[in-house]
Amino acid sequence: MRLAVRELSKTYADKRAVDRLSLDLGPGVVGLLGPNGAGKSSLMRVLATVTRPSAGVVTWNGRDIVADPEPLRRTLGYLPQDFGVYPHLSAREFLTYLAAAKGLTARSAKARITELLQLVNLADVGRRPLGGFSGGMRRRVGIAQALLNDPRVLILDEPTAGLDPEERTRFRDLLADLGRDRIVILSTHIVSDVEAIAGRVAIVSGGRLLYDGPSRGDLEQLYLATVAGARR
Ligand SMILES: Nc1ncnc2c1ncn2[C@@H]1O[C@H](COP(=O)(O)OP(=O)(O)OP(=O)(O)O)[C@@H](O)[C@H]1O
Ligand SMILES: [Mg+2]
């Protein structure tokens, strides 16, 4: 189980959002940390095969994800930063719809959705319309949908946005569990989230990878010094 990023660049018009970035990912939780506009979402969209790289290569177990995206897509869970819901559907209906799109049978989807609603602590409100959900509750629906197909590669773009402290703790425990035998990539600009959740940190700024290593106690200082150093 290996996702390898080699010299990846992503350019929009004349803006280089990701700049010759290389990263080797195996099982575990890696936190992508970087300021607004650092290129985190751009990198994640390429890894999730939503957009193509402008240059460089990404391989999943040795196979190019542009030439041959299916093996990765089959086992991918992705929460986009701008994940939206259908307000008139209930959480259950929405997840059922997405499960069908992912090719789950109706029977296995039903059981899986019950399990996932419990996992994200929404079992009590599973039949209510999503239009009445708070931002944090919608985010948790987004986390649940990313887990529908029991993915080996989980890409979560700002999963903790809007979560209250209690839900944050729950989420941290969930990811610790998932990260044991899966590749989990999450982005945030909240240093304490990475400290709490990820064993490994990748600091990105201006599309470049500035630090890749274990999470550590002085992460806040490391982050600020790294990002400030790159601006100089
Ligand atoms: N679709 C797009 N078209 C043009 N420019 C884009 C597009 N998406 C991103 N960019 C630009 O690429 C750069 C990186 O953006 P990206 O969204 O990847 O950063 P980010 O690290 O996810 O930021 P944030 O923390 O705010 O989510 C930014 O300068 C952004 O303006
Ligand atoms: Mg982003």
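The values are calculated or read from the model by the stated rules, or taken from the named source; none is laboratory data. Please read these numbers as outputs of a predicted model, since none were measured by experiment. So basically every Cβ, Gly included, is an ideal-geometry build from the backbone, and we count neighbours across all protein chains shown. Calculation scope for accessible area: heavy atoms of the full protein, side chains included, ligands and nucleic acids excluded. Shrake-Rupley method; radii C 1.70, N 1.55, O 1.52, S 1.80 Å.
Annotations
- Convex hull volume per residue for region 3-231, taking Cα atoms only, in Å³: 121
- Reachable lysines, given that their alpha-carbon falls under 29 Å from the alpha-carbon of LYS102 and they are not under 8 places away in the same chain: LYS10, LYS40, LYS110
- Structure-based [θ]222 nm, the chain - -39500 (n - 2.57) summed over DSSP H runs of at least 4, per residue, nearest 500: -11000 deg cm²/dmol
- Here region 20-76 and region 162-232 have alpha carbon centers that stand 17 Å from each other.
- Between the listed residues LEU32, LEU104, LEU47, the Cα displaced farthest toward the positive end of the dipole of the chain, a dipole computed from Cβ unit charges relative to the Cα centre, is found at LEU104.
- With all protein chains kept in place, the per residue accessible area of region 37-178 amounts to 48 square angstrom at a probe of 1.4 angstrom.
- Evaluated with a Cβ-only charge set (Lys, Arg +1; Asp, Glu -1), the chain carries a dipole of roughly 500 debye about its Cα centre, given to the nearest 20.
- Measuring max minus min along each principal axis, the C-alpha atoms of region 77-183 give extents of 30, 28, 24 Å (largest first).
- Protein accessible area in the chain, 1.4 Å probe - carbon and sulfur %: 50
- Where only C-alpha atoms are counted, convex hull volume of region 13-118 per residue in Å³: 161
- Heavy atoms of GLU115 accessible to a 1.4 Å probe, total area in Å² rounded to 10: 90
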